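The values are calculated or read from the model by the stated rules, or taken from the named source; none is laboratory data. This one's a predicted model, so the numbers in the text were calculated from it and none came from an experiment. Here Cβ is always computed from backbone atoms with ideal geometry, including for glycine, and neighbour counts include all displayed protein chains. Accessible surface is based on the protein model in full, side chains and every heavy atom, while ligands, DNA and RNA are left aside. Shrake-Rupley method; radii C 1.70, N 1.55, O 1.52, S 1.80 Å.
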Amino acid sequence: MNSIVILNDTGRPVTTSLAIAEGVERPHKNIIELIRENIADLEAFGGVTFETRPFETPGGMQSREVAILNEHHATLLITFLRNIGIVKEFKKRLVKAFFEMRDELNKRQPPSAENLSRMDILKMALESESERVRLEQENREKEALIKAQQSNIIQLRPKADFADKVAIAPDAISVANAAKILGTGQRRLFAYLRRIGWVSRRNEPYQAKIEAGLLDVKLGNWSHPDHGLQQSVTALITGKGLQKLQELMATEGVSA
């Protein structure tokens, strides 16, 4: 399956401004500007969705605006570009990609109701109900496990050693909770993480530490009164990261 066209959350084929920029070899910011300039024409075929996504730069994690486009949006947008060779070639690839995605979706469609016997319909209903019950049970078990983990962290006795704390901690926890386990304060721990090169000056985790399994990231959005929707990047520390920090702090003699 191609990577130009993907399925959105509702299962509909879409592409992105990033895919188009790469396909026509133009800077992504130019494609976003072109979309903004022609937004009224594009939205004649449905609303254009914009998302803020993180990406890595030599200076650390940054965020950028990405447009999500349906087939009509993408086809019209291509007509706004100069019809040079690379644009023509990408236009053919784009059209083919949408056709391939529709064919794939058609293959996944269940048989129509008029072609099913009453026994087939009953069987499908029973299977659907069984799946629903299974998922509900899974969710209950996950909730119980999370509550047990949280309860264990809160009730840890002071004499429990560090290895026990890491074993009980969830896979990725906030810096504040990690600081409690390490026996220090949140600000001190952030300062230490910046000093050893785990997070940036804005306390955002570096990609290399995420890929090493030491840190994780939680993305969120907040509204700025002047600049509109902004993205927040919150650093999380994994169990592996906790163990590594404890070793580093013990070796360096870092005081709580």
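Data overview
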{"item": "Residue within segment 24-35 that is out of contact with any strand residue (DSSP E or B) (no Cβ under 7 Å at 6 or more places or on another chain), open to solvent by 20 Å² or more (accessible area, probe 1.4 Å) and more than 30 Å from residue 208 (Cα to Cα) present", "result": "yes"}
{"item": "Test: residue in segment 44-55 that is touching a residue at least 24 places away in the same chain (Cβ under 8 Å), more than 21 Å from the chain's Cα centre (by Cα) and assigned to a helix (DSSP H, G or I)", "result": "yes"}
{"item": "Residue within segment 173-183 that is modelled with pLDDT under 90, over 22 Å from residue 63 (Cβ atoms), more than 28 Å from the chain's Cα centre (by Cα) and open to solvent by less than 70 Å² (accessible area, probe 1.4 Å) present", "result": "yes"}
{"item": "Any chance residue 125 is among the hydrophobic types (A, V, I, L, M, F, W, C), farther than 30 Å from residue 199 by Cα and modelled with pLDDT of 90 or more", "result": "no"}
{"item": "When residues of segment 41-64 are limited to those that are open to solvent by 70 Å² or more (accessible area, probe 1.4 Å) and in contact with a helix residue (DSSP H, G or I) (Cβ under 6 Å, 6 or more places away or on another chain), the one modelled with the highest pLDDT", "result": "45"}
{"item": "Of residues in segment 92-122 being surrounded by 12 or more Cβ atoms within 10 Å (Cβ to Cβ) and more than 30 Å from residue 70 (Cβ to Cβ), the one modelled with the lowest pLDDT", "result": "116"}
{"item": "Hits in segment 9-23 (condition: at negative phi and either among the small types (Gly, Ala, Ser) or open to solvent by 50 Å² or more (accessible area, probe 1.4 Å) (or both))", "result": "9, 10, 12, 17, 19, 21, 22, 23"}
{"item": "When residues of segment 190-212 are limited to those that are surrounded by fewer than 17 Cβ atoms within 10 Å (Cβ to Cβ) and among the charged types (D, E, K, R), the one nearest to residue 56 (Cα to Cα)", "result": "211"}
